[in-house]
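The structure appears below as structure tokens.
The values are calculated or read from the model by the stated rules, or taken from the named source; none is laboratory data. From a predicted model like this one, the values you see are computed outputs, not experimental measurements. With ideal geometry, Cβ positions are generated from the backbone for all residues, glycine too; neighbour counts draw on all protein chains shown. Only protein heavy atoms, including side chains, enter the accessible area calculation; ligands, DNA and RNA are left aside. Shrake-Rupley method; radii C 1.70, N 1.55, O 1.52, S 1.80 Å.
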Amino acid sequence: MQLLTYVSKIVSLDLAAREIVVHRRSEGGVQVLKTRLPALITVLEGINEMRFASLADMFRAERHRLTIWSKDDAHIEDVTKIGLKGSPTAVSKVFAPTPTNRRAEIIETQSGQPVDLAATLVAKLLSRHPDVALAINPSLEPDGRSL
């Protein structure tokens, strides 16, 4: 079974040909993928508009019996590759980051040109992290300025 992850859009679905075409988010942009069905698809948040079922559909859904696949149904022979034992990762701790009360800072530049913006941001970063500035250039003052 094919796995399509980070799907942002289903472009086409041809049940007769048993094919699906999707847009998938990737680091470099968007990939267009086409594969045979059946496929397992994970989607990004917001791929569809929220819809609510009618009362009759809710009752019908409640009575529906789910199909539960066993390892044999999925043709999995090596049980060390599934479940908790087959997971390559282990979560040791789950926590929410500590909220901070810091506000965003507006940094003014001379001209608004990209080169001016870059220079201003680098100077600001080096002034906040003088150890990094000294590691880059030992002849810098603690505020990131050249001697």
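At 1.4 Å probe size, put Val79, Val7, Val115, Val21 in order of accessible surface, largest to smallest. Working shown, then result.
Values: Val79 75, Val7 0, Val115 115, Val21 30 Å².
Sorted by accessible area, descending: Val115, Val79, Val21, Val7.
When the chain is treated as a GNM, springs tying every alpha-carbon pair under 10 Å, which of Thr67, Thr35, Thr100 comes out with the largest mean-square fluctuation?
In this elastic network of the chain, the residue with the biggest mean-square fluctuation among Thr67, Thr35, Thr100 is Thr100.
Could you give the radius of gyration (one decimal) and Dmax (whole number) of the Cα atoms in the stretch 11-147, in Å?
27.2, 77
Please report, in whole Å³, the volume per residue of the convex hull around the C-alpha atoms of the stretch 1-92.
202 Å³
Contour minus end-to-end for Lys81 and Thr67, with contour as 0.36 nm per residue of separation and end-to-end as the Cα-Cα distance?
2.9 nm
Please give the per residue accessible area of the chain, computed with a probe of 1.4 Å over protein heavy atoms only, in Å². Mind dumping the intermediate values first?
Numbers: 13460 Å² over 147 residues.
That works out to 92 Å² for each residue.
Could you put Phe52, Phe95, Phe59 in order of accessible surface area, largest first, with the 1.4 Å probe and the full protein assembly present?
Phe52, Phe95, Phe59
Taking all protein chains together and a probe of 1.4 Å, list Asp78, Asp72 from the most accessible to the least accessible.
The ordering from most to least exposed comes out as Asp72, Asp78.
To the nearest 500 deg cm²/dmol, what mean residue ellipticity at 222 nm is calculated for the chain from DSSP H runs of n ≥ 4 alone, each contributing -39,500 (n - 2.57), summed and divided by the residues?
So the calculated ellipticity at 222 nm is -6500 deg cm²/dmol.
Set the Förster distance to 25 Å, then compute FRET efficiency between Ser8 and Ala39 from the Cβ-Cβ distance, nearest 0.05.
Computed FRET efficiency for Ser8 and Ala39 comes out at 0.95.
On full extension of the chain, what length is gained from Ser111 through Leu15, given 0.36 nm per residue of separation minus the C-alpha to C-alpha distance? It would help to have the intermediate numbers written out before the result.
On the way: separation 96, 0.36 × 96 = 34.56 nm, distance 5.68 nm.
Taking Ser111 through Leu15 to full extension adds about 28.9 nm, to one decimal.
Return one number: the angle in degrees, 0 to 90 and rounded to the nearest 10, between the long axis of the Cα atoms of helix 114-128 and the longest principal axis of the Cα atoms of the chain.
Helix 114-128 and the main axis of the chain meet at about 80 degrees.
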